[in-house]
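Worksheet for the structure shown next.
The values are calculated or read from the model by the stated rules, or taken from the named source; none is laboratory data. Everything quoted here is computed from the prediction, not taken from an experiment. Heads up, the Cβs are rebuilt from the backbone with ideal geometry, glycines too, and the neighbour counts pull from every protein chain shown. Note: areas computed on protein heavy atoms with side chains; ligands, DNA, RNA excluded. Shrake-Rupley method; radii C 1.70, N 1.55, O 1.52, S 1.80 Å.
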Amino acid sequence: MLDTAIEYLKGVGPQRGEVLKRELGIYTCGDLLLHFPFRYIDRTRFHHIRDMRQEGEAYQLKGVLRRLETVGEGRVKRLVGTLRDETGAVELVWFQGISWLERSLTVGKQYVVYGRASLFNGRFNIAHPEMEELSPENAQSARTFDPVYPSTDRLTQKGLDARGLRKLLRTLLDQITPAEVPETLPDALLSAYRLMPRWEALNKIHFPENQQELDAARRRLKFEELFFLQLRLLQIRHRRKTSSQGFVFEKVGDYFHRFYREKLPFELTNAQKRVVREIRADLGAGAQMNRLVQGDVGSGKTVVALLSMLIAIDNGYQACLMAPTEILAQQHYNSITELVGDLGVQVGFLSGTVKGKTRKAILEALASGDMHIVVGTHALIEEAVQFHRLGLAVIDEQHRFGVEQRAALWKKGAGMPPHVLVMTATPIPRTLAMTLYGDLDTSIIDELPPGRKPIKTLHFTEAHRLRVQGFMREQIAQGRQVYVVYPMIEETEKADMLNLMTGYEALSRDFPPPEYQISIVHGKMKPADKDFEMQRFARGQTHIMVATTVIEVGVNVPNATVMVVENAERFGLSQLHQLRGRVGRGAEQSYCLLMTTQKLSADARERIQTLVRTNNGFEIADADLRLRGPGNIEGTQQSGMIRFLIADLAHDGHILTAAREIAKRILEADPELTAPENHRLREHLASTGKEARLWSRIS
Ligand code: ADP
Ligand code: MG
């Protein structure tokens, strides 16, 4: 039955079948079974109009439609009705589908009405209520929760609105037998975690009789979805570790030890030490390393990368470090050459701007093996770049690189893929990391080097402009430097550019030369000019850096202590956090001043408040996920993968964590799931295997 084409289900036929396929991607009865309701109408009780109390609460009412008329014109045009029962009257409002509703509703008739109460001018009304003519079937309460399915105009035209789909699902569920929906989880697991059996869950998700049943069905289905994904990812990881080969870096040698003893200018934090140990273990294990290092801005990832690269060199291999922008690559190059000093490690720089003789010399040194480390941009993955023995590739700021780019790097290994270390300063919410990178090993640097003063974040509006300027002057007088960042997005580029230039001019008046020097950097400038301005600021020759988000990633000017973000309400949470990370890099107290308009949307207000409250990147990433939903988190759109049937990463973190733990435990005992008690798992994985995508492969 489940494999039957959808048009053969009673009540469907070729025409409706076609729309179901086109609009909802439902090809078979099985697909329909997995088309879950997105909400429910609680039919278990009727309320009296007089008893409506709570704004936002959903009510089922029964009464006579007393009035129905269109009000207003154009965009504010709406259809207004009045429903009356024996206790009072309530207004019903529609903003869409007006003409159709006018035709289908009749004044004087009795209706069952369902919807959420909203308060308007001190009185309750219901916007876009569900209307059903009163009939013997719906007059009684205590039926069920009615499922409401995602539908579209096209479907509605074919009679497949919420009610039509409900009927189809009823038909389907009445026709299939429990045997056709086999259990996928072992009995022991079902009872240990009190999970509803699959057959029951699929029935109750469509037609629950009460909230408890609905909750239990949801929990079971979410668990199942997350659990099998984790099982699959962890199995990939396990197989890679046991079967894929990698270079063995068995020793930690001279370069590493001498660097550690003679060159390292500070004591590593415990978190850095732990991560270096984790990497060290990977490099010696005989399988290719695929490790993601997450660490907040300023947590000291560069030196961790360098130590790893030194291990590669100690074992006779080369290493490369790839960064997403020229500025960043240059900075990495500078800090690495400075750190290694006269250790005897040959470090080179390669980007699109390196040309002619210099480029030729670098390519030759890489091919001959004379050069140990090369730092660069995308230029590193060009065909012409050949390594003698590339053993380790470090990629900074992972989300800016596509999978193909990483794969290209992979091919440069000497017969085998190099070890891969990915570093990101964009903390990914834990739930997302477990899903996106569930097959990777992750390390977290969750500690900042000592002596850092937490950045103070403050929220200001235009009314405080003078105070903010006064503060900037004070800081500059103390020898510090200031960033002023403006939003710049493609859609509103012209207006944004104007905004930036106006801001720049105003600043130039308020901070006039020769006393004050101002740099400006934006995306429309030539790379060389950008670089020149960046360098001036980095050397302390200018006091203020006016910029767009081009300075977001990685730029390191420890003397800059103030970050002013203009129109902060227009930035995303993670982006603001990244910007804030540009300051607080030196010993001085740093500040982040968020300038916004007076009026803020609820979301914008929450973003600003979150930043003011916390400096913790992981907490911020979680808030970002909650506010924007998983589909919008940076790095996930391209992969186009977080499409769950029912699980929701923003809210189901606890289920996910449990699912991952359980999957881990099962695989530890039985990696290939060959034990009899795991046969359901093995079969389900095999039967869904062809659809399953490999979510993420770094290499
Ligand atoms: P990020 O993780 O943002 O890439 P960096 O590697 O750029 O951070 O490090 C930020 C700054 O902190 C650098 O100036 C670096 O030299 C310094 N640093 C790194 N580790 C330590 C440490 N353990 N103690 C003191 N300073 C450190
Ligand atoms: Mg960095």
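Identify, by number, the condition in (1) more than 16 Å from ligand 2 (Cβ to nearest atom); (2) in contact with a His (Cβ under 7 Å, 6 or more places away or on another chain) that residue 302 doesn't meet.
Tallying (1) more than 16 Å from ligand 2 (Cβ to nearest atom); (2) in contact with a His (Cβ under 7 Å, 6 or more places away or on another chain), residue 302 fails exactly one: (1).
Which members of segment 56-105 meet the condition of being outside any strand (DSSP E or B) and touching a residue at least 60 places away in the same chain (Cβ under 8 Å)?
56, 57
Determine, yes or no, whether residue 495 is assigned to a helix (DSSP H, G or I), of a type outside the set (Ser, Thr, Tyr) and within 30 Å of the chain's Cα centre (by Cα).
yes
Condition (residue is among the acidic types (Asp, Glu), under 30 Å from residue 241 (Cβ atoms) and surrounded by fewer than 24 Cβ atoms within 10 Å (Cβ to Cβ)) applied to segment 276-284: is it met by at least one residue?
Yes: one or more hits.
Condition test on residue 600, is it surrounded by fewer than 18 Cβ atoms within 10 Å (Cβ to Cβ) and either within 21 Å of residue 461 (Cβ to Cβ) or free of Cβ contacts under 8 Å to residues at least 60 places away in the same chain (or both)?
Here the answer is yes, as residue 600 does meet what is asked.
Working only within segment 238-255, note down all residues that are touching a Leu at 6+ places or on another chain (Cβ under 9 Å), part of a helix (DSSP H, G or I) and open to solvent by less than 60 Å² (accessible area, probe 1.4 Å).
Across segment 238-255, the qualifying residue is only 255.
For segment 257-268, indicate whether the set of residues that are within 16 Å of ligand 2 (Cβ to nearest atom) and surrounded by 17 or more Cβ atoms within 10 Å (Cβ to Cβ) is non-empty.
yes
So, in segment 1-55, exactly how many residues are aliphatic (A, V, I, L, M), in contact (Cβ under 8 Å) with a residue 60 or more places away in the chain and farther than 28 Å from residue 114 by Cα?
Qualifying residue count for the region: 3.
For segment 325-346, which positions are open to solvent by 20 Å² or more (accessible area, probe 1.4 Å) and either without any contact (Cβ under 8 Å) to a residue 24 or more places away in the chain or closer than 23 Å to residue 523 by Cα (or both)?
325, 326, 327, 330, 331, 333, 334, 337, 338, 342
For segment 658-672: of the residues being crowded, with 20+ Cβ neighbours inside 10 Å and not small (Gly, Ala, Ser), which is modelled with the lowest pLDDT?
The extreme case among them is 660.
Condition first: in contact (Cβ under 8 Å) with a residue 24 or more places away in the chain and either in contact with a Gly (Cβ under 6 Å, 6 or more places away or on another chain) or over 25 Å from residue 327 (Cα atoms) (or both). Now tell me which residues in segment 508-525 satisfy that.
510, 511
Counting only residues that are in a loop (DSSP other than H, G, I, E, B) and open to solvent by 40 Å² or more (accessible area, probe 1.4 Å), how many does segment 108-133 have?
Of the residues in that region, 5 qualify.
Considering only segment 17-54, how many residues are open to solvent by 40 Å² or more (accessible area, probe 1.4 Å) and either of a type in the set (Ser, Thr, Tyr) or farther than 14 Å from residue 149 by Cβ (or both)?
Residues meeting the conditions: 13.
Being open to solvent by less than 60 Å² (accessible area, probe 1.4 Å), free of Cβ contacts under 8 Å to residues at least 24 places away in the same chain and part of a helix (DSSP H, G or I) is the requirement here; does residue 607 meet it?
Here the answer is no, as residue 607 does not meet what is asked.
All but one of (1) more than 20 Å from residue 446 (Cα to Cα); (2) within 16 Å of ligand 2 (Cβ to nearest atom) hold for residue 228; state the number of the condition that does not hold.
(2)
Condition check: modelled with pLDDT under 85 and farther than 23 Å from residue 527 by Cα. Does residue 403 satisfy that?
It is true that residue 403 is modelled with pLDDT under 85 and farther than 23 Å from residue 527 by Cα.
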